[in-house]
Amino acid sequence: MGFALIAVWIMISRFWRVCLLLVLVVFLAACQATEAPLEFAPDGKIVESAIALQLGRTQARLSEQLKATLPKLEIKQIQVKTLEPIVISELPAYHLQGTYNVTLTLPRQTVTQKKNAFEIYLQRQSEGKTWRLLQREVKDGQAGETQWSSYLIESDIESNLGE
């Protein structure tokens, strides 16, 4: 009788160990989510700032090459068509695509471009206070390897426009 009780106690003990192990596996799997939660996606102001940063960086390179004055940029009517939660470098990120209108104020003229396509990757930093614009770069000579450059998105849009 005593041996049977010990055998039952060992089986119950093993059962609880297996249950505990399964619970731990579930919690660990949940901690390593494969995509970012949509409820933490960037708001419109962050998207506008990111587009302004990306466009401003491109305009700065172009103006430098042409030895021209940087235009003043005004971005309006952003329409996000796709928002895809992803993970980059083990942190949640968002891949956004859509269109926007931009007005370029040059020294002698003003130009408005409508329905410009954009594609941006945004990542909230681990402390959750700041966002970064990520840009994909392929390493020279290594066609399959992707490297990401990261640029801080200022909370004030005007600072991204070079004003």
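Every read-out reported here was derived from the displayed coordinates using simple, explicitly stated rules and does not represent laboratory data. Keep in mind that this is a model prediction, so the values were computed, not measured. With ideal geometry, Cβ positions are generated from the backbone for all residues, glycine too; neighbour counts draw on all protein chains shown.
For the pair VAL87 and THR58, a Förster radius of 30 Å applied to the C-beta separation gives a FRET efficiency near 0.65, rounded to the nearest 0.05. Computed 3J(HN,Hα) for segment 119-132, one whole-Hz value per residue from the Karplus formula 6.51 cos²θ - 1.76 cosθ + 1.60 where θ = phi - 60°, is 9, 9, 10, 10, 9, 7, 6, 4, 6, x, 8, 10, 10, 10, glycine and proline marked x. Between the listed residues ILE46, LEU91, GLY56, the Cα displaced farthest toward the positive end of the dipole of segment 38-160, a dipole computed from Cβ unit charges relative to the Cα centre, is found at GLY56. Residues whose amide H falls under 5 Å from that of THR130, counting only those 5 or more places apart or on a different chain, are GLN125, with hydrogens built in the peptide plane.
A simple rule links phi to the HN-Hα coupling: the Karplus curve 6.51 cos²θ - 1.76 cosθ + 1.60 with θ = phi - 60°, which for segment 77-89 gives 6, 6, 10, 7, 9, 9, 9, 10, x, 9, 10, 10, 6 Hz, with x for Gly and Pro.
For THR146 and ARG108, a Förster radius of 35 Å and the Cβ-Cβ distance give a FRET efficiency of 0.30, rounded to the nearest 0.05. Each residue of segment 93-102 was assigned a 3J(HN,Hα) from its phi angle through the Karplus curve 6.51 cos²θ - 1.76 cosθ + 1.60 (θ = phi - 60°); the sequence is 8, 9, 9, 10, 9, x, 9, 7, 9, 9 Hz, with glycine and proline shown as x. Between GLN135 and ALA68, the simple label model (points 7 Å from Cα in the Cβ direction) yields a spacing of 1.8 nm.
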